[in-house]
Amino acid sequence: MMKYLAAAALLLSATALTAPADAAMYGSSAPTSSGHMMGNPPPMAAPWKRIDTSKGWIWADSRGFALYTFDKDPRGQSTCYGACAVAWPPFYAPMMAMGGQAMGKWSVVDRFMFAKQWAYNGKPLYFWMKDTRPGQVTGDGINGFHVAR
């Protein structure tokens with residue numbers, strides 16, 4: 001019984017620590033410690049950006065690492081799991097990213113076990129494990145993966 005009570009207390013304390021962020025997503029009007037109204041949170045930077053590479057202008061994450069699409073993925077669905085996902089890690093999105101709504105050509109697709117993945121033009125996005133520095137595009141054209149444009 002004590003194990004269950006300890007687990008419940010831990011869960012409640014974690015929930016209390018994240019409540020302001022969750023409330024911001026749901027439009028609460030309570031002020032935050034920074035003075036912003038949660039219904040009007042400060043603008044957040046996009047997790048992606050355009051970068052100029054040896055392959056031309058492409059999409060990258062906010063750190064500058066190239067993003068790739070996979071030819072075998074149908075729109076709105078990832079087929080890269082297991083060994084594929086080790087070599088081509090998904091560009092994961094937060095659980096509440098975009099509230100399930102598309103933003104222009106950007107959207108979020110569902111992955112296994114409730115994970116979310118960013119997509120561009122409906123195509124899930126990935127990194128290439130051999131790109132070790134921002135701006136590298138060494139995975140373009142390998143096994144049906146191409147830089148996202």
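Couple of notes before you dig in:
- Per-residue Cβ neighbour rank within 10 angstrom, fewest leading, THR69, THR53: THR53, THR69
- Set of lysines near LYS72 by C-alpha distance (under 22 Å), chain-local residues within fewer than 8 positions excluded: LYS55, LYS105, LYS116, LYS123, LYS130
- Note on the stretch 48-147: Rg/Rh from C-alpha atoms, Kirkwood Rh, equals 0.94.
Where a number appears in this text, it was derived from the coordinates with a stated rule and is not lab data. Note that the structure is a prediction, hence the values are computed from the model and not measured. All Cβ positions, even for glycine, are placed from backbone atoms using ideal geometry, and neighbour counts span all protein chains on display.
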